[in-house]
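The values are calculated or read from the model by the stated rules, or taken from the named source; none is laboratory data. Keep in mind that what you see is a predicted model, and the values were worked out from it rather than measured. Positions of Cβ are backbone-derived with ideal geometry, glycine not excepted, and every protein chain shown enters the neighbour counts. Keep in mind that these areas ignore ligands, DNA and RNA; they rest on the heavy atoms of the full protein, side chains included. Shrake-Rupley method; radii C 1.70, N 1.55, O 1.52, S 1.80 Å.
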Amino acid sequence: MAKTLLIVDDERDMRAMLKKYFELNGFGVMVAENGLTAIEKAGKQPDLIILDINMPDLDGIEVCSRIRSFVSCPILFLTARLEDKDKLKGFAVGGDDYIVKPFSIDELGARVEAHLRREERKNGKAVRTKFDDDLVIDYTAQEVYFKGTLIPFLNREFQIIELLSSYPGQLFSKDRIFDSLWDMDSNTDVAVIMEHISRIRAKFAEAGCKPYIQTVWGSGYKWTK
């Protein structure tokens, strides 16, 4: 069954663009142009809500605060600016993630898919994918197998594999990987991405399978199709 999204934004063009994109990608989509309509439609229990913060009358923070008592799905904020205090306020009322405008539509799509997968794992639904040379990723158990043998990845290594393998062929910059997987108050920096990917490749090589993670010099990394 197709997942249903609720898209809340006071800009008509933004609503139309997001609605078209997600419908083309197989989602059911509800839209709301203001906070009051959003609260009403949230009662229909969408699988995920994309919520603009900067709306007149009721802003996204207030909407999130009001619906969290009866909505448990992930809520992703859209915002034209983002400071630490804004992040803290949004997380405090029950938000799960932020996307800063202007944004890549494919990045937003990736974030939506990632949050929905986490919800499936949380609800006990198995998610397991086989790739082309006997590589199997069990997203529920967070395990990777090659020809039936477990490859022992650390938690952060698996998170990088999960992110990239979910979107084969899609380019992820180091900053995008870092922002997706590390907390905003982390003391590390994007250089750690190269170290993790180097270890991932070494473990793939030791297991006898291809590297899968391709470097696009000057741009980032992608999972080979």
| message | With the structure loaded, tell me whether residue 53 is without any contact (Cβ under 8 Å) to a residue 60 or more places away in the chain, touching an Asp or Glu at 6+ places or on another chain (Cβ under 8 Å) and farther than 19 Å from residue 4 by Cα or whether it fails that test. | response | yes
| Number of positions in segment 22-43 that are in contact with a Leu (Cβ under 8 Å, 6 or more places away or on another chain) and more than 17 Å from residue 65 (Cα to Cα) | 6
| message | Any residue in segment 1-20 that is of a type in the set (Phe, Trp, Tyr) and at pLDDT 95 or above sitting within a Cβ distance under 6 Å of a residue that is assigned to a loop (DSSP other than H, G, I, E, B) and open to solvent by less than 60 Å² (accessible area, probe 1.4 Å)? List the pairs, counting only those 6 or more apart or interchain. | response | none
| Where a residue in segment 163-184 is at positive phi and its partner, wherever it lies, is part of a loop (DSSP other than H, G, I, E, B) and surrounded by fewer than 16 Cβ atoms within 10 Å (Cβ to Cβ), with Cβ under 8 Å and at least six apart | 169/224; 169/225
| task | Considering (1) modelled with pLDDT under 95; (2) open to solvent by less than 40 Å² (accessible area, probe 1.4 Å), say which one residue 82 fails and leave the rest. | result | (2)
| Among the residues of segment 22-66, which ones are within 18 Å of the chain's Cα centre (by Cα) and buried (at least 17 other Cβ atoms within 10 Å of the Cβ)? | 22, 27, 29, 46, 47, 48, 49, 50, 51, 52
| task | Can you confirm whether segment 139-149 contains a residue that is open to solvent by less than 30 Å² (accessible area, probe 1.4 Å), closer than 18 Å to residue 110 by Cα and assigned to a helix (DSSP H, G or I)? | result | no
| query | Inside segment 150-196, can you point out the residues that are modelled with pLDDT of 90 or more, part of a loop (DSSP other than H, G, I, E, B) and either surrounded by fewer than 17 Cβ atoms within 10 Å (Cβ to Cβ) or among the hydroxyl-bearing types (Ser, Thr, Tyr) (or both)? | reply | 152, 154
